[in-house]
Amino acid sequence: MWLRTRCDITFDVAIATPFILMLRPRSGINQWIARESYTLNPSVPVVEYTDNYGNLCQRLIAPPGEFSIRTSADIMTADNIDVCAGAPFDEVQNLPDDVLTYLLPTRYCESDRFIDLGQELVAGVTPGYDQVATIVAWIRDNIQFNSDSIHFQLSAVEVNQQREGVCRELAHLGIALCRGLCIPARMVVGYLHGLQPMDFHAWFEAYVGGRWYTFDPTQPHPIGGRVTVAYGRDAADVAIFNQFGPALYPQAMSVSVEMLDAAPN
């Protein structure tokens, strides 16, 4: 399907403030960026680089006053996500080098504290994809997805205690449980067509059967219409903006995803 994504963010900046933004999707095996616009007002010099996870990042200094960022892109992406029941577990010694980092505990995904729970949840389940699917089903049944939750910026341990969270919290729990079973898992942030209420969205991918598969504990069944903006070990790696100086929160922010009838001209 063809999707058009838009994001508008406005800040009220008190003093000149360095930012790192992560707002540009890039073409890859699962998506093709046909058109893109990226507007800063006021216009300031920007330096772009690619981080350790392959994400496109933009460095800039926002001047005092109102500072706005507007992005838009036309993207071809899959209508559905791949599902592969029975895809096998990959032995750690056979994993690609760049996948190994997604086995380790991180700030928000304390996988070393989920080994026992993970083993309990998947007892008798075929190692690999089916274990991840079992974990996701357990999260859907036991952790409430609430986009208005007062519980946010939680680690996997904390969301397991609170039993409620937004999309990134549920993804953290899924990642931690997978890593506790020696299944590599990574955080994904981007857009999801039809998400209600519309906002940036987070889900996770697990590496089984020699490739990455998408899992989303917030949705009742596997759905496509996804646009990936960033990958990382957890939410600390995939923030759409980081500012360095006085704490800044958007004065206004809007996100939209619409389906196009045909490929853009």
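Each reported figure results from applying straightforward, stated rules to the coordinates on display, with no laboratory input. Keep in mind it's a predicted model, so treat the numbers as computed, not measured. When we count neighbours, we look across all protein chains shown, and the Cβ atoms used for this are built from the backbone with ideal geometry, even at glycine.
Of all DSSP beta bridges located in the chain, what percent are antiparallel, nearest 5?
For the chain, the DSSP antiparallel bridge percentage is about 95.
With θ taken as phi - 60° and the coefficients 6.51, -1.76 and 1.60, list the Karplus ³J(HN,Hα) couplings across the range 252-265 in order, rounded to whole Hz; mark glycine and proline as x.
Residue by residue, the range 252-265 yields 8, 8, 9, 10, 9, 9, 10, 8, 8, 5, 8, 4, x, 7 Hz.
To test your reading of the geometry: what angle, between 0 and 90 degrees and rounded to tens, separates the Cα axis of helix 129-142 from the longest principal axis of the chain?
70 degrees
Give the peptides 121-128, 133-140 in descending order of average Cβ contacts within 10 Å, highest first.
Most protected by this proxy first, the peptides run 133-140, 121-128.
Can you give the angle from 0 to 90° between the axis of helix 167-180 and the longest principal axis of the chain, with both taken from C-alpha atoms, to the nearest 10?
40 degrees
Using Stokes-Einstein with the Kirkwood hydrodynamic radius over Cα pairs, what translational diffusion coefficient do you get for the chain at 4 °C and a viscosity of 1.567 mPa s, in µm²/s rounded to a whole number?
Diffusion coefficient, whole number: 67 µm²/s.
Between the range 122-142 and the range 70-105, how many Å separate their Cα centres?
Cα centres, the range 122-142 to the range 70-105: 17 Å.
If Lys and Arg each add +1 and Asp and Glu each add -1, what is the summed charge of the other residues whose beta carbon sits under 14 Å from the beta carbon of Pro217?
-2
Considering only His221, His193, His172, give the residue with the highest GNM mean-square fluctuation for the chain, with springs between Cα atoms whenever their separation is below 10 Å.
Looking only at His221, His193, His172, the largest GNM fluctuation is found for His221.
Let me have the 222 nm mean residue ellipticity of the chain computed from DSSP H runs of 4+ only, each contributing -39500 (n - 2.57), with the sum over all residues rounded to the nearest 500.
It comes out at -4500 deg cm²/dmol, rounded to the nearest 500.
Work out how much length Gln119 to Asp12 would gain on full extension: take 0.36 nm times their residue separation and subtract the Cα-Cα distance, in nm to one decimal.
33.7 nm
Want the number for Asn80 to Ile150: 0.36 nm per residue separation, take away the alpha-carbon distance, what's left?
That pair, Asn80 and Ile150, stretches by 22.0 nm at full extension.
So which trypsin sites (Lys or Arg not before Pro) in the range 161-225 pass both tests, a DSSP loop state and at most 16 other Cβ atoms within 10 Å of the Cβ?
Those satisfying the criteria are Arg163.
Would you please put 90-96, 201-207, 226-232 in order of how densely packed they are, using the mean number of other Cβ atoms within 10 angstrom per residue and starting with the highest?
201-207, 226-232, 90-96
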